[in-house]
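**Student:** Attaching a single structure in structure tokens format; questions to follow.
Laboratory data are not the source of any read-out in this text; all were calculated from the coordinates shown. The shown structure was predicted, so the numbers you read here are calculated from the model rather than taken from an experiment. All Cβ positions, glycine included, derive from the backbone under ideal geometry; neighbour counts span all protein chains shown.
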Amino acid sequence: MSLKETITAEVKNAMRAKDSARLGTLRFLQAAIKQKEVDDRRELSDAEVIAIIEKQIKQRKESVAAYEQAGRAETAEQEKAEIAVLQEFLPKAADPAEIEAAIAAAIEAAAAAGAQGPAMMGKVMATLKQSLAGRADMSQVSQLVKAKLSS
């Protein structure tokens, strides 16, 4: 069962359970997926659906920060609930040891390919984006890579 089919099944389950908050989040996600498919005129892969989910989560995290800063705690909680629903569809998060190992392997591969300086960072992040997509916060991974490359 593809990720898109899983999301569709969860929409039906939310409808049956009359869980309007969950249903709204899932429908919003389905709309984002459908929009991307219409724009690209093709069926999306699971990896592309994961990228859309990650983008949705990032947007909601930014909204939570803005709402909390504005003193709108109730709206921030609603956004946090939506984040929790979206995170159900991401693959299991990578543990710190796995992330460290992936970074070390990517740096070795980039060095073997002859990359240096800023190009090294680009090659390492491109490799990591494929191997850790949906399983790690790429901004944190980027900071770890910068630290490793500068030392």
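**Student:** Using 0.36 nm per residue, how much length does the chain from Asp95 to Glu37 gain when fully extended, once their Cα-Cα distance is taken away?
**Tutor:** Contour length minus Cα-Cα distance gives 17.7 nm.
**Student:** Just flag the GluC sites (Glu not before Pro) in the range 82-113 sitting in loop per DSSP whose Cβ has no more than 13 other Cβ atoms within 10 Å.
**Tutor:** Qualifying residues, ordered by number: Glu88.
**Student:** While we're on this one: By how many degrees, between 0 and 90 and to the nearest 10, does the Cα long axis of helix 138-150 differ from the longest principal axis of the chain?
**Tutor:** 10
**Student:** GNM on the chain, C-alpha springs below 10 Å: top fluctuator among Ala105, Ala97, Ala84?
**Tutor:** Judging by the Gaussian network model, the answer is Ala97.
**Student:** Let me ask something else about it. Between 0 and 90 degrees, rounded to the nearest ten: what's the tilt of helix 96-112 against the longest Cα principal axis of the chain?
**Tutor:** For helix 96-112, the angle is close to 50 degrees.
**Student:** Sticking with this one: Measure off 7 Å from each Cα along the Cα-to-Cβ vector at Gln140 and Lys58, then give the distance between these two points in nanometres to one decimal.
**Tutor:** About 1.6 nm, to one decimal.
**Student:** Moving to a separate point now. Starting from the Cα gyration tensor of the range 105-151, multiply each eigenvalue by 5, take the square root, and state the resulting semi-axes largest first in whole Å.
**Tutor:** Output for the range 105-151: semi-axes of 17, 12, 8 Å.
**Student:** Under the rule of -39500 (n - 2.57) per DSSP H run of 4 or more residues, summed and divided by the residues of the chain, what mean residue ellipticity at 222 nm is obtained, to the nearest 500 deg cm²/dmol?
**Tutor:** So the calculated ellipticity at 222 nm is -27000 deg cm²/dmol.
**Student:** Enumerate by residue number the trypsin sites (Lys or Arg not before Pro) in the range 35-88 meeting two conditions: DSSP loop (anything except H, G, I, E, B), and at most 10 other Cβ atoms within 10 Å of the site's Cβ.
**Tutor:** Here the trypsin sites (Lys or Arg not before Pro) that fit, given the DSSP loop and packing criteria, are Arg41, Arg42.
**Student:** Pairs Lys92/Lys129; Lys61/Lys148; Lys80/Lys146; Lys4/Lys36; Lys4/Lys34: which are spaced more than 18 Å apart, C-alpha to C-alpha?
**Tutor:** Lys61/Lys148; Lys80/Lys146
**Student:** Continuing with the same structure: So for the chain, averaging the separation of alpha carbon pairs under 8 Å that are six or more residues apart and normalising by length, what relative contact order in percent results?
**Tutor:** About 20 percent, as a whole number.
**Student:** Cα centroids of the range 37-53 and the range 70-100: how far apart, whole angstrom?
**Tutor:** Measuring centre to centre over Cα atoms gives 21 Å.
**Student:** Taking 0.36 nm per intervening residue step and subtracting the Cα-Cα distance, what contour gain separates Leu149 from Arg16 on full extension?
**Tutor:** This chain segment gains 42.7 nm when fully extended.
**Student:** Can you tell me the Rg and Dmax of the chain, counting just the alpha carbons, in angstroms?
**Tutor:** In Å, with Rg to one decimal and Dmax whole: 18.3, 57.
**Student:** If you don't mind, another one. What does the extension gain come out to for Lys129 and Glu88, with contour length at 0.36 nm per residue minus their alpha carbon separation?
**Tutor:** 12.8 nm
**Student:** Pairing the Cα long axis of helix 73-87 with the longest principal axis of the chain, what angle in degrees results, from 0 to 90 and rounded to the nearest 10?
**Tutor:** 70
**Student:** Once you've got the GNM for the chain with C-alpha springs shorter than 10 Å, pick whichever of Val11, Val85, Val38 has the biggest mean-square fluctuation.
**Tutor:** Answer for the Gaussian network model of the chain: Val38.
**Student:** Charges at C-beta only: +1 for Lys and Arg, -1 for Asp and Glu. How large is the resulting dipole of the chain about its Cα centre, in Debye rounded to 20?
**Tutor:** It comes to approximately 260 debye.
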